[in-house]
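Everything below concerns the one structure shown next.
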Amino acid sequence: MPHTFPITIDATALSNAAYLIMDASEQNLFPPTSTQGLGWTANTQAYTVEMALGDYLFQIGSAEISTFHFQVSSIGTINYAAEFASFLSGEGTSELRVLGYKVQIDARYITADVVWSSNQVFTPTPISLSTFTLIPSPDYGLSDPNESSDMDWGFGLDGNGKFTYKPEFDYANGGFLEGQGTSTLVLLGYPLLVDARNAGGAGVRVVPGTGVPFATSGVTYVNMLPEILYTLQFQDGVASLAQFKLTDAGEIIITQELPWELSIDSFHPHEGLTTSKGGLGLTLPVGVPRLTVNRVLLTHPTLETKKSGELVGSKS
């Protein structure tokens, strides 16, 4: 049996609800009560466990292999690379403290609630203007409160505690995020005007959208993130089959479902300016995108069945 040393790990400063520590054989050392050394460690306290000489990986999610490594020396002290010193402490001691970086995420523009995606093991509390303590990782993500929409876009935190994301996601480039290279990430989203005055219902609501009132006028305005599946209600609390989502580039993808017909145009278009991001050859004037819903009057009620098909519209 290799000689071991009592090593304390304290990650309670992090916003993560759990973490993994893997050794060279890819066995998780926590929780200490686990006979097989497998499973997540609930991040509720510091833990002291016996650790042998070697290299260890600290992970915040099951797919997060690019977090950080640390080493236990032959005399039972902790070492780590100099680049990690800004968010760790305990070099040369037997206690590793994971301090992280304090950052903010501002989701106040977004109509629907957004939470951390499940693979980050965060408590699913909706984000408003929220402060988190995070470690560097290239793969943070978000989801809707029911985690029914796995967003295929994400963002990272670099070694200096600053947010990173793809350049095309930046608001300056027509995207939906702001805060590249800073400690505050603003989710700006994409705007959409929904006109359901002729949908044959009592009004309209776009869900998910906690706290958004049912608009008896039949008209509502929302600000959305890509890859969330949105559903229209034409009766308060009753979901319809009329659904849509946005691509990362702000293109609106709708599924035609009888008896409702959905169409896309621009509200208050700017004369002479157009965008070709609509797909399927659809070019729209630049303006606020408008989704119009009409109820189709069918001669034979038996024909009111699902009509599958997708139409791609555009952001402004």
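No value in this document is a laboratory result; all are computed from the given coordinates. Computed from a predicted structure; not experimentally measured. Cβ sites come from the backbone with ideal geometry, for glycine too, and all protein chains shown count toward neighbours.
Odds and ends about this structure:
- Measuring r between the beta carbons of SER89 and ALA239 and using R0 = 41 Å, the FRET efficiency lands at 0.25.
- Nonlocal amide H pairs with THR93, under 5 Å, H built at 1.01 Å: ILE78
- Remark: the range 71-78, residue by residue, has Karplus-estimated 3J(HN,Hα) of 10, 9, 7, 6, 10, x, 10, 9 Hz, where x stands for each Gly or Pro and the curve is 6.51 cos²θ - 1.76 cosθ + 1.60 at θ = phi - 60°.
- In nm, spacing of pseudo-spin labels at LEU297 and THR216 (7 Å Cα→C-beta vector): 2.5 nm
- Environment charge at TYR101 (Cβ cut-off 13 Å; Lys +1, Arg +1, Asp -1, Glu -1): +1
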